[in-house]
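Enquirer: Sharing a structure with you now.
The values are calculated or read from the model by the stated rules, or taken from the named source; none is laboratory data. Everything numeric here is computed off the predicted structure, so don't read it as measured data. Cβ placement follows ideal geometry from the backbone for every residue including glycine, while neighbour counts extend to all protein chains displayed.
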Amino acid sequence: MNEKKDPQVKGAIIKYSAICAAIAIQPIPFADIFILTPIQAIMGIEIAKKYGIRVEKKQSSKLIRQIIGIIGMGLIAQQLGIAAAKTFWPIVGSVATIPVVFGLTYGIGSVINEYYKSLANNDRLTDEEIKDIYKASRNEGQNIGRNFSKEDILKIKERSVSSGN
């Protein structure tokens, strides 16, 4: 089911993954949790538009909560690990979160993409398919995120903010 991503969708997922990773660089534990979901919701809206589906931010946030509910404890454990790293190693821990948060957002974006793709084809993803897509995409995203430095992430964030995207 996890077919090759449309280049525009993959670009949007990478952009929002980088923005979330840039936010996660800040050294305050747990603060990013409240900021990342709204950004991921905006990513979901952008992906839905590709399939001609109009989605409000509230609907996109609800979808993300459903995805988080399905992928569950692994995500919670990841957030606790990020918070611990920021608490015990504020500067190093913040930078070390880049691939983790990048991968997390990339995985969520990939699930959203497959969800809207299946919806456009009058199909439905099973919980197991969602878990599989998330796990494979999160790992792919973490590998992509490892190739970014803190400076690269901040540049992507600046370009996105200055261009209004």
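Enquirer: Give the residues of the range 117-141 that are surrounded by 21 or more Cβ atoms within 10 Å (Cβ to Cβ) and not aliphatic (A, V, I, L, M), sorted by residue number.
Expert: Scanning the range 117-141 gives Tyr134, Ser137, Arg138, Gly141.
Enquirer: Now a separate question. Considering Lys10, Lys5, which residue is outside any helix (DSSP H, G or I) and either closer than 27 Å to Asp152 by Cα or at pLDDT below 75 (or both)?
Expert: Working: Lys10 fails: outside any helix (DSSP H, G or I).
Selected residue: Lys5, the only one of Lys10, Lys5 that is outside any helix (DSSP H, G or I) and either closer than 27 Å to Asp152 by Cα or at pLDDT below 75 (or both).
Enquirer: From the residues in the range 13-50 that are at pLDDT below 80 and closer than 14 Å to Leu154 by Cβ, which one is surrounded by the most Cβ atoms within 10 Å (Cβ to Cβ)?
Expert: Step by step, filter the range 13-50, then rank; the result is Ala24.
Enquirer: Are there any pairs, at least 6 apart or on different chains, whose C-beta atoms fall under 6 Å, with the first in the range 100-118 and closer than 10 Å to Gly44 by Cβ and the second aromatic (Phe, Trp, Tyr), and if so, which?
Expert: Once the first residue is closer than 10 Å to Gly44 by Cβ and sits in the range 100-118, its partners that are aromatic (Phe, Trp, Tyr) give Val111/Tyr134; Tyr116/Tyr51.
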